[in-house]
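Below is one structure, written out as structure tokens; the observations come after it.
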């Protein structure tokens, strides 16, 4: 992954970083990431697999009957892992496992909090942060441990004493990450089936909103976090810009010409420069909610075209996670928001 994606990953979920740092100072989920750039509206993810798992490539061994296989993880480490791991501690990429129909044996509270009660059921909590609690993980006797590629070598070495330990991409393209995790879990066929189903859902949503001509309208996604306002590279929100086909504002398109652009802190007075037909608002933390509420009372906000047209949507901060399970959730959530604002028949 090139530098611009890492820079984006270091910026996207500043508010989530604050929340997790408060919950657990030993190293927690932070930032949100971003993918490989905006794909065309007609592109099919289900057809994009070239036999590789993408970023954090997993290399299949030649002997498919062997109990183990060698893989290369997201940090370039060669690791021997079970061919068909069953008891997985996932301190990252939880959403990918859920989409594959295999719940992790355990994970962190701060990762699990974004998912539904049904999705969380039966998954043990082994820590607050994404580096986990060694003793709790040890007690669960996992056969594979998955960590973020942002962890330290010391953390990897520690967990490797318990079970084979691999790293998966720290954000990045969500489809590539999904395929990487699927390959690790010996579920590549299931991943392709899931992607085909997802693509069919995308096409269904596009048909339902076709009369809105969203591809001719612009959208801006802003996040209120740490009492500030942020916007991010459009590939951070593939459901908005790829699946529903909203266009970038002229100003955001200009910013995204810079190869290292990942995020941008917005001053209130700069909001008119990002004039959009639709605005999606993420309020990340309780401290930032008053900032949004106060802004709504000001002329700079009420003068925005999207505000005047009643096309501002408050959306859950889960949108920033950028995994495939969240993409599936967001497909329905965006439709619900459009419908609740009277935009759909």
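Compute the length gained on full extension between residue 345 and residue 80: take 0.36 nm times their separation in residues and subtract their Cα-Cα distance, giving the result in nm to one decimal.
Values: separation 265, 0.36 × 265 = 95.40 nm, distance 5.40 nm.
Contour length minus Cα-Cα distance gives 90.0 nm.
Between residue 65 and residue 216, residue separation times 0.36 nm minus the direct Cα-Cα distance comes to 49.1 nm.
The C-alpha radius of gyration of the range 202-340, expressed as a fraction of 2.2 N^0.38 Å, stands at 1.00.
None of the figures in this text is laboratory data; all of them are computed from the coordinates on show. As the structure is a prediction and not an experimental result, all values here were calculated from the model.
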